[in-house]
Every structure is written in structure tokens, then in C-alpha cells.
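Presented below is the structure to which this report refers.
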Amino acid sequence: MNSRTLLTRLDDLVFDNRFIRELPGDPETANYRRQVAGACYSRVLPTQVSAPQLVAYSKEVAELLDLSPELCASDDFFQVFAGNRLVQGMEPYAMCYGGHQFGYWAGQLGDGRAINLGEVANRRGERWTLQLKGAGATPYSRNADGLAVLRSSIREFLCSEAMHHLGVPTTRALSVVLTGEAVIRDMFYNGNPRAEPGAVVCRVAPSFTRFGNFQILAARGEIDLLRRFVDYTIRIDFPHLGEPSPAVYADWFLEVCRRTAGMIVHWQRVGFVHGVMNTDNMSILGLTIDYGPYGWLENYDPHWTPNTTDAEERRYRFGQQPQIGYWNLGQLANALYPLFGEAEPLQAGLKAYAETFDQGWQQTMVGKLGLVAYRPETDDDLVAELFALLQRAETDMTLFFRRLAGLTIATEHEGWETEMTALLQDSYYLPEQLTPEYRERLSHWLRHYRERLRRDGLADAERRSRMNAVNPKYVLRNYLAQLAIDKAEQGDFAMVDELLDLLRRPYDEQPGKDHCAAKRPDWARSRPGCSMLSCSS
Ligand code: AMP
Ligand code: MG
């Protein structure tokens, strides 16, 4: 599409708001906190803000919506995406959903600070729901304010786009806009509230439906409505499955399980820790959704979670994400059971989750290690020993796999192990941990790995390019996001754009950008925002 066919006025967007047209809404239109039974959403208007100002926007998402660059730079753009003006065709609403939070049923949650603006039909015939996050209270805000602060909005904006460019299924982000309002947050819930700049992110996805949308209907015994919602979801979001029927329900659940597994395989591949995998934060489309206290693994540590709210139990730690995906799907299966009347198809879906995950993970390791195919008889041990080594000394996972791609197998010479160990050197955080015993174990593993690669027979260069296509060089390291936030809080948004640009090509070498691939500096080891985050956002 050339730029002349792009929209130059937001009022020219075409909306087709099927969610509110086809599903029952809350008859109450006043905006006060309440339980909303018998409905899938409540209509609610975004709150007006005093001084909207654009922080950044994603040109790729603008393109998905057919918006021209001039339009995105206009005053109208940030007025609309701060929630100050409704465009022709927008019909704002908040969705009703429930969820299991940290393993316990929490009842009604809902869009407490998200307001859907409507569904855009773009010129390619795609459907994109626009959703403002942080645009004020809704009937689902419970005891909170419906607002969001700049730091968490920048984190959501940058990470959704970074994930997309890494090839991880995710909701997208069009824009982040400062509101001009102050928002009070006690970042670590420890009696230190402070005023922070408020912001609004415009998120974009085919749909924002979560496991919890189904769960709340089942919990309330609203089974007819549950069926309607499932039918709606299949027709709109899974049309390739055909008209809803009991057999199609089974296919649908199977697909949800497979997509969820695929998403989590990607998380484990790139070292992403979601941080709050409650069932209200699980997308029915298998998209990464709700970027809160997420983090990126620096040193490989399966027990790590960035979320201080989960520091005790570490339910949502990196290494447990695959199991939590399964548990969450189990809760979805419980909610859907009344429509199935039998457990078998639901169990088949859960089984498919485990199989899809295992196969996907094997394929991921094939890519990460530059193998041709997975051979369990040798590779199970090779992979297990590798991850044991990565844990043994604090090792930056991202750097390690990039460096490993530089290994040579073509030449056999004296001192090869020493050279290879040197190659990996800068992926370690604490050189004093590289004891003679560790070095010997690593050399041993490298020799095995080399033998294994020789059996496959790929040339070094070919193997390297395969590995570099799945092992990113650039990820949204926690400290990088924090540096961009520090500057943005001072009114300088350049680093947000710089990171957005860097993360467009996470697998490519980018001259002059090596500092953005560097391991976490010491000052960031325990700085709030870098390694510790809370749900307060
Ligand atoms: P989360 O775990 O951040 O996804 O949030 C769980 C629930 O709390 C969801 O229903 C959110 O909409 C709601 N929530 C989180 N933060 C706020 C806020 N500042 N104002 C209103 N609701 C919120
Ligand atoms: Mg949420």
C-alpha cells in the first residue's frame, strides 16, 4: 500500500464493533463499581485528561490500522489516544471477566483500567480491536483508580513491540501518551506513595478475550451466555474451525491449548518472564497479554521472577511458566465443561498442550544449538548438562547463545577448548565462579557438543546463521527499559524511540549498538525497576 492510500483523518477509520453488537451488555450505563451479571461488557467513556502529549508510537501498528505518519504526528492523534475525543464509530466499553489470581479464584475482575474503543476493519480485511489502558475508572475498577503511570506504560509499549519483532505472539501497542495528570503510586506497597506522571497506552489485538471471560460466566452459572460467548469467539476469532458444534468446540479447545503452548515455548526461548500468569492475563488467542511486572532473564535462573509481589512462592518464576500454562488451561477446561458434558475432549486438549510444548521445546533447542534435528538419545543429556552449567555460574542466557554460535568445529587444534571458553567469557557475571572444576566441566560439554555438531555436518557459517535467527542479540533488557523510563520522566523521549528502533531487528548485528546487547551492569543488579518490579503500575 503506498502512503497516498493511508488515512489522514482518524474519522475515516472504519469500525465494525461486533463484540458489543453480538453479545449482551450491561443495561446500566452509569460509571460506578459494581458486579455485572448476565452481560459480557459495560459501556463506559474514557476520562478526559488535561494535557496529552505523545511519547512514542509504533509505525508498524499504525500501518496495520492504515494510519499515515502525518496523522500519527497530529494533535488529533494524541487527543484521541489519550481518550479525550471519540472518533466516529468508536463505542467504548469495558469487558467483564474473572480469574484465578496466584492460584485462587478471585471472582469478578474485568477491565478495571482498560477501555475498548471498538474494532477497526482495515483495508486488508483484518479486524483490530483498539484498547486504551489507563484511561480512567470503569465499573470493574474495584478499589483502584483506572489509571496507569508512565514507567509501566513505556514498559508495556516497548515490550509488546519487541516481542512481536522477536516472533512471539503478542498484543501490540500503537502509542503511549502522557496525560498531564499525576497518579499516586506506592511502588513497593511499603508506605512510600509518590506522584508519578500518568499515561495511556493504546493496545491493539484481534481480540482481548481472556480465559477469565469464560470463567466468570461459568462461575455464575450463566451457561447459555457461556455458550453464546464461545460460539461468538469461534465465529469471529477461529472462523477456520467452521460453524460451532460439539465437535468444533473440541477442535477449538485443542487449538487454544496448542497456541498457549506455542506462546510459552517462545517465552522460554527468548528468556521472557511474564510475572503474573493469572487466568485473567491469558489470551484466548494465545497472545502474550498484560505486560506488568514482567522481566527478561539476565543470568539463566529458572527460579527467577521479577515480580516482588510473588517473591515468596515464586509461582510465576521463569522455569514454571510451562506448568502454569497447563494449570491455567485446566481452569479454562473446568469453566467450559458444562458445554461439553464430558471430560474427554478437554483432557485431549490438555494432553495436546503437553505434547505441543515438548515438541516445540525440542525444536527450539534444535534452533538454539544449531542442530539439524533433535535426537533424544544424545540431546536430552546435552541439553540438561548445558542448562545445569548455565545455572552453575551466573551466565547471561542471551549473550551465551549468541557467543556459542561463534564456535568453530571445522578445525581441530591444540587449545581449542581454551579458545572456546574465551569466546564465552563475557557472558559471565562473576568471573570468580569460573573455577577449574567449572572450566573442566564446560570443556567437557563443549567437546560433546562439537562431536554432536559433527554428526550433523552443517558448515560453521550455516550453523551460525541458523542459531542467530532464533537466539536474539537484542532483547528489552530490564535496565535498558529503566534507562529509557528515567529519561522519559525527565521529558526526554528519545531513548524510547531508540529502543523501539533497536528492537525492530533483534536478531541482526547492528553496528554501533553493541552497548545495548551488553549484560546487566552492576548498578542494575538490585535497582528497583531493573530486577524488582511489583504489580503497582
Ligand atoms: P493485573 O493483574 O494487572 O492484570 O490486574 C488484575 C485486575 O486488576 C484487572 O481486573 C485489572 O483491570 C485491575 N486493575 C489493575 N490495576 C488497576 C488500576 N490501577 N485501576 C483499576 N483496575 C486495575
Ligand atoms: Mg490483567
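Worth a mention:
- Extreme residue, nearest to Met277 (Cα to Cα), among residues of region 327-343 that are of a type outside the set (A, V, I, L, M, F, W, C) and surrounded by fewer than 19 Cβ atoms within 10 Å (Cβ to Cβ): Gly330
- Of the residues screened, Ser175 is not one that is surrounded by 17 or more Cβ atoms within 10 Å (Cβ to Cβ) and within 13 Å of ligand 1 (Cβ to nearest atom).
- Qualifying residues in region 266-282 (those that are polar (S, T, N, Q) and either within 20 Å of Gly295 (Cβ to Cβ) or assigned to a loop (DSSP other than H, G, I, E, B) (or both)) - the one farthest from ligand 2 (Cβ to nearest atom): Gln268
- Residue check for Glu196: of a type in the set (D, E, K, R), under 26 Å from Gly295 (Cα atoms) and part of a helix (DSSP H, G or I): no
- Close pairs from region 392-406: first more than 19 Å from His448 (Cα to Cα), partner outside any loop (DSSP other than H, G, I, E, B) and hydroxyl-bearing (Ser, Thr, Tyr), Cβ under 8 Å, at least 6 apart: Ala393/Tyr428; Ala393/Tyr438; Glu394/Tyr428; Thr395/Ser427; Thr395/Tyr428; Asp396/Ser427; Asp396/Tyr428; Leu399/Ser427
- One residue from Leu285, Leu297 being among the hydrophobic types (A, V, I, L, M, F, W, C), within 16 Å of ligand 2 (Cβ to nearest atom) and either crowded, with 20+ Cβ neighbours inside 10 Å or within 14 Å of the chain's Cα centre (by Cα) (or both): Leu285
- Exactly one residue out of Val201, Val176, Val168 is within 27 Å of Asp501 (Cβ to Cβ) and touching an Asp or Glu at 6+ places or on another chain (Cβ under 6 Å), and it is Val201.
- Between Ile216, Ile234, the distinction of being crowded, with 19+ Cβ neighbours inside 10 Å, outside any strand (DSSP E or B) and in contact with a Pro (Cβ under 6 Å, 6 or more places away or on another chain) belongs to Ile234 only.
- Residue count for region 418-439 satisfying the condition of being part of a helix (DSSP H, G or I) and either touching an Asp or Glu at 6+ places or on another chain (Cβ under 9 Å) or among the basic types (Lys, Arg) (or both): 4.
- When Ala82, Ala135 are checked against the criterion of being in contact (Cβ under 8 Å) with a residue 40 or more places away in the chain, touching a Pro at 6+ places or on another chain (Cβ under 6 Å) and within 16 Å of ligand 1 (Cβ to nearest atom), Ala135 stands alone in meeting it.
- Residue among Leu54, Leu67 that is touching a helix residue (DSSP H, G or I) at 6+ places or on another chain (Cβ under 7 Å) and in contact (Cβ under 8 Å) with a residue 60 or more places away in the chain: Leu54
- Elements of type helices (runs of 4 or more DSSP H) contained in region 445-532, each with 2 or more residues being out of contact with any Ser or Thr (no Cβ under 7 Å at 6 or more places or on another chain) and within 22 Å of His274 (Cα to Cα): 478-489, 494-502
- Verdict on Glu414 being of a type in the set (Asp, Glu) and at pLDDT below 95: yes
- Verdict on Val204 being within 30 Å of Ala82 (Cβ to Cβ), more than 16 Å from ligand 1 (Cβ to nearest atom) and not in a loop (DSSP other than H, G, I, E, B): yes
- Number of residues in region 124-147 that are more than 16 Å from ligand 2 (Cβ to nearest atom) and under 18 Å from Ser58 (Cβ atoms) equals 4.
- Evaluation of Ala73 against the conditions (1) surrounded by fewer than 18 Cβ atoms within 10 Å (Cβ to Cβ); (2) touching a residue at least 24 places away in the same chain (Cβ under 8 Å); (3) within 26 Å of Ile485 (Cβ to Cβ) shows that the sole unmet condition is (2).
- Meets criteria (under 24 Å from Leu217 (Cβ atoms) and more than 16 Å from ligand 1 (Cβ to nearest atom)) for Asn31: no
- For region 458-484, the set of residues classified as in contact (Cβ under 8 Å) with a residue 40 or more places away in the chain and of a type in the set (Asp, Glu) consists of Asp460 only.
- Test for Trp252: is it surrounded by 18 or more Cβ atoms within 10 Å (Cβ to Cβ) and either more than 30 Å from Asp396 (Cα to Cα) or modelled with pLDDT under 95 (or both): yes
- Taken over region 278-303, the residue count meeting the criterion of being closer than 14 Å to Ser534 by Cα and not small (Gly, Ala, Ser) is 4.
- Residue ranges of strands (runs of 3 or more DSSP E) in region 86-166 with at least 1 members buried (at least 24 other Cβ atoms within 10 Å of the Cβ): 93-95, 98-101, 114-121, 127-133
- Some residue of region 182-191 being within 22 Å of Ser534 (Cα to Cα), assigned to a loop (DSSP other than H, G, I, E, B), within 16 Å of ligand 2 (Cβ to nearest atom) and outside the structural domain of Leu287 (by TED's automatic domain parsing): no
- Against the test of being modelled with pLDDT of 95 or more, more than 10 Å from ligand 1 (Cβ to nearest atom) and in contact with a Leu (Cβ under 6 Å, 6 or more places away or on another chain), the options Gly295, Gly271 yield a single qualifying residue, Gly271.
- Residues being away from ligand 1 (no atom under 16 Å from the Cβ), in contact with a Gly (Cβ under 9 Å, 6 or more places away or on another chain), outside any loop (DSSP other than H, G, I, E, B) and of a type in the set (S, T, N, Q) are represented in region 250-265 by at least one member.
- Of everything in region 302-316 that is in contact (Cβ under 8 Å) with a residue 40 or more places away in the chain and closer than 23 Å to Leu158 by Cβ, the residue that is surrounded by the most Cβ atoms within 10 Å (Cβ to Cβ) is Pro306.
The values are calculated or read from the model by the stated rules, or taken from the named source; none is laboratory data. Being a predicted model, the structure only gives us computed values, none of them experimental. Every residue, glycine among them, receives a Cβ derived from its backbone with ideal geometry; neighbour counts consider all protein chains shown.
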